[in-house]
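What follows is a set of notes on a single structure, which appears directly below.
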Ligand SMILES: [Zn+2]
């Protein structure tokens with residue numbers, strides 16, 4: 001007998017055949033999808049322990065945020081409208097120096113509730129105090145891929161790297177399998193070659209992936225060409241990093257040769273249009289990368305450079321940005337944007353066997369959206385509505401790993417008011433020390 005049955009919903013499976021069931025049913029047993037199909041469920045499935053009426057609703061696989069820094073929700077709205085390096089060096093890195101594990105926990109909890117409420121069920125993170133983010137993942141019910149950020153210029157860089165390697169070994173598969181792990185060297189320009197080589201070796205010994213920022217700004221690429229005579233992508237290829245599974249965030253300034261390397265080495269790319277636009281980093285050649293077979297997923301980046309973690313908004317930004325950039329309204333159609341946010345991100349993270357589409361045997365990470373809304377009417381195309389017209393507040397119910405974490409926009413176990421209060425207190429203390437929000 002299934003634990004959960006959702007019936008009467010329009011279902012976008014996001015499977016390889018792009019099947020839509022209108023209407024259809026989906027059953028969950030334990031933490032996995034046990035059955036789905038068109039029309040009415042067979043009698044043995046109708047006897048599920050819990051039945052949800054999906055009429056007027058759209059059922060999609062949970063959205064997968066391929067690149068973020070979850071606890072940076074604490075710095076949302078703290079420093080805007082600045083160039084990347086100024087923003088990092090003058091505002092973000094100084095306050096981050098004062099962070100403690102407990103601060104990261106509350107920032108991560110805030111990020112987790114924000115993501116769940118906007119239909120994201122899995123995120124790929126890189127940040128300090130990764131154990132605290134891992135605790136927030138365990139407590140909030142969300143799925144994740146976590147890595148500790150490694151920066152070559154920090155005191156005790158080598159010791160931190162050892163800790164990140166230990167973390168990977170200890171936390172892999174924790175929280176009932178909801179915690180996946182990677183190693184997270186920040187970027188080629190912040191990590192010396194010896195450390196990247198060491199991380200590449202550790203990743204292959206442990207059999208885990210590597211999460212890194214890559215070719216985000218023009219300056220990064222120019223400096224790499226000047227000092228090494230190579231692009232950052234060619235540099236990492238030379239260091240042997242791509243012998244491992246790698247998720248590279250941004251890849252804004254990449255050459256055709258770089259794209260060929262990314263495709264050949266099966267590097268996953270996280271496209272972050274909101275962050276790239278806000279920091280004026282540039283426009284990643286996503287249509288070209290997709291055409292050449294690069295696995296491109298979608299991410300929000302941290303909330304300090306976006307300023308939210310809303311994947312519905314990110315899909316729309318991606319679909320609009322590439323049409324404008326390419327001067328071609330046929331570029332990145334709605335379905336492709338949705339595919340990037342689901343299957344695409346899952347593939348880029350190496351999790352496509354578990355998540356990213358609704359298929360029997362895959363994890364039950366599900367999102368139900370309420371489509372009976374004036375801004376989503378008439379119901380011509382659910383995919384178009386989802387990408388071009390839906391809002392995160394249309395997300396009604398969220399299931400992660402078979403567990404209902406939000407139903408009818410209410411969290412089933414998380415005390416939202418408490419999380420908001422603790423996150424505010426934490427954030428105000430952190431920036432208050434640095435001169436404060438109160439005066440602004
Ligand atoms: Zn980032």
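For the chain, the longest principal axis of the Cα atoms and the long axis of helix 311-326 meet at an angle of about 70 degrees.
Projecting label points 7 angstrom from Cα along Cα→Cβ for residue 228 and residue 280 puts them 2.7 nm apart. Extension gain, residue 420 to residue 158, is 90.8 nm, computed as 0.36 nm per intervening residue step minus the present C-alpha separation. Computed extension gain for residue 44 through residue 256, at 0.36 nm per residue and net of the alpha carbon distance, reaches 70.9 nm. The spacing between segment 92-151 and segment 201-255, judged by their C-alpha centroids, is 24 Å.
The distance separating the Cα centre of segment 2-54 from that of segment 325-349 comes to 26 Å.
Rounded is the label for segment 63-348. Its Cα gyration tensor axes, ordered a ≥ b ≥ c, give a/c under 1.5.
Taking Cα atoms only, the orientation of helix 157-171 departs from the longest principal axis of the chain by about 20 degrees. Computed from the C-beta positions of residue 206 and residue 55, the FRET efficiency with R₀ = 45 Å rounds to 0.45. The shape of segment 1-73 comes out prolate: with a ≥ b ≥ c from the C-alpha gyration tensor, a/c is at least 1.5 and a/b beats b/c.
Per-residue ellipticity at 222 nm from helix content only, as computed over the chain with -39500 (n - 2.57) for each DSSP H run of at least four residues, stands at -10500 deg cm²/dmol. Legend: calculated FRET efficiency, residue 15 to residue 409, from the Cβ-Cβ distance at R0 = 22 Å, rounded to 0.05, equals 0.20.
Using only the Cα atoms of segment 238-380, build the gyration tensor, take square roots of its eigenvalues as a ≥ b ≥ c, and label the shape rounded, prolate or oblate: rounded if a/c is under 1.5, else prolate if a/b is larger than b/c, else oblate. Oblate shape, in that a/c is at least 1.5 and b/c is the bigger or equal ratio. What is the list of residues in segment 260-276 whose amide nitrogen lies under 19 Å from a point 7 angstrom out from the Cα of residue 328, following Cα to Cβ? Only 260 pass the distance filter. Given their separation in residues at 0.36 nm each and the Cα-Cα distance between them, residue 389 and residue 288 gain 33.8 nm when the chain is fully extended. The long axis of helix 130-140 is offset from the longest Cα principal axis of the chain by roughly 10 degrees.
Coordinate-derived values only; no laboratory data. Everything numeric in this text was worked out from a predicted model, so none of it was measured. Positions of Cβ are generated from backbone atoms using ideal geometry, with glycine treated the same way; all protein chains shown enter the neighbour counts.
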